[in-house]
1. Apply the Karplus curve 6.51 cos²θ - 1.76 cosθ + 1.60, θ = phi - 60°, to the phi angles in segment 382-391 and return the couplings in whole Hz, x for Gly and Pro.
2. Starting from 0.36 nm per residue, how many nanometres of slack lie between Glu372 and Lys288 once their C-alpha separation is accounted for?
3. Tell me the per residue accessible area of segment 14-460 using a 1.4 Å probe; a whole number in Å² is fine.
4. Cross-link list Lys93/Lys134; Lys186/Lys212; Lys164/Lys225; Lys361/Lys452; Lys164/Lys212: which exceed 19 angstrom alpha carbon to alpha carbon?
5. Expressed as a whole percentage, what fraction of the accessible surface of the chain belongs to carbon and sulfur atoms when a 1.4 Å probe is rolled over the protein heavy atoms?
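The values are calculated or read from the model by the stated rules, or taken from the named source; none is laboratory data. Bear in mind that the values here come from a model prediction, so they are computed numbers and not experimental data. These accessible areas exclude ligands, DNA and RNA; they are computed on the full protein's heavy atoms, side chains included. Shrake-Rupley method; radii C 1.70, N 1.55, O 1.52, S 1.80 Å.
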Amino acid sequence: AGKCGACGPGYPSPLEAMKGNVPAGPREQLLYLPCIYRNTGNGLPDFLATVDVDPKSPRYCQVIHRLPMPYVGDELHHSGWNACSSCHGDPSKSRNFLILPSLISSRIYVVDVGTDPRAPKLHKVVEAEELARKGNAAFPHTSHCLGSGEILISCLGDPDGNGKGTFILLDGETFEVKGNWEKGGKIPNLGYDFWYQPRHNVLLSTEWGVPKILAQGFDPRDVEKGHYGRHINVWEWSGRRLLQQLDLGAGSIPLEIRFLHQPSAAQGFVGCALSGEIQRFHRSPEGKWEAEKVIEVPSKKVQGWLLPEMPGLITDILISLDDRFLYFSNWLHGDVRQYDISDPKNPKLVGQVFLGGSISKGGAVTVVEDRELRDQPEPCVIQGKRIPGGPQMLQLSLDGRRLYVTTSLFSAWDRQFYPGLLTEGSVLLQLDVDTERGGLALNPKFLLDFGKEPGGPCLAHEVRYPGGDCTSDIWL
């Protein structure tokens, strides 16, 4: 972009990305969000929404384009790029396609966002049959572009819905499935998210659960039966083989995993949904990988809920590009937190805001014992609307000043924990971030209500920016 047009996509370093040394500056002007109709009873296909977030625009905080998928029931979820900062320095590459895996149908959509970023169009459909035939894989989740120009996608299972922590490779030009990334040997029983770091010859992956189990909703008994994850899986990057499994404990369910952005850093964090822990992973002086708990969100004793104790349910985490702040969301308790991680071994809470959740006043749940709060938080009301659901997916602006938050997790779990989401739709909110001392504040002027969509209420999930962001770009 701009003066570095011959350098390939992205930025040379995380700090350059944060400064935004391009003519457009670091301020994001468009967002892309997958919007889900599965389980709403609507009968419409999921779509990709393009949102205008330029405060100077007459259509600020509005959906300006909708790209419906060709089929119904996909459950779009996360997305990635055909090329990112991992390809910086290769002028033959450009960030012009968004890769949209479908968690339930196992299709992968390739969306052209380069021709007209304000009106994306469908470029290619990779059918589930191709994943099954070439990789015995299904339920694709996280997509990362590689420095080689290929696209690596983690999967949750096999075509029968059993757990299988496998990966598939897509060709970066044709988007055909090339086969599995791993080279044989042991494969983890479960899959979910991943992050790779070639400087340390490592890829780390996490575990959600058995697809055919979790797709029905959450049953705590399934945790006891071993149907949910507990490991960080350590892979040799060059050899593509599983080396280690770090056991984070029964019932931990490690989900989103993030290395520090500085590519020489051999450490990062993973959010454990059910145990409410943030674990710091790092490489030991002997070269082995280890993990230790550095943050714990205590469960709350409650009445009027599914269980007598309610976990925070950490569902998303991210790290600012300067590796100074860690953010995460507690989907059930309803808060977003900001920690100063200048000392990664000792994170310090510097910002917290409640955006809905299950324990706010006036709801069905009574908190009877709370190790953190004196009172149940007030409901989150913005522009007269009481926010349904709880904070879930997070995305930080490149300059670290704006944090975007959506409230839908996964349609079957939304239906179970926040049934109002299916009838009211989810929302997109924006928090203002104090990048000096730390601190979070809800922007009262920003509310995008997906309950008002022309096709009826829908569930908006993960946020991407056309120029890359804090959770899709990896620096080599």
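1. The phi angles translate into 9, 6, x, 9, 7, 6, x, x, x, x Hz.
2. Result for the pair: 26.7 nm of gain on full extension.
3. About 36 Å² of surface per residue is accessible.
4. Check vs 19 Å cut-off fails for Lys93/Lys134; Lys186/Lys212; Lys361/Lys452.
5. Of the solvent-accessible surface of the chain, carbon and sulfur hold 48 percent.
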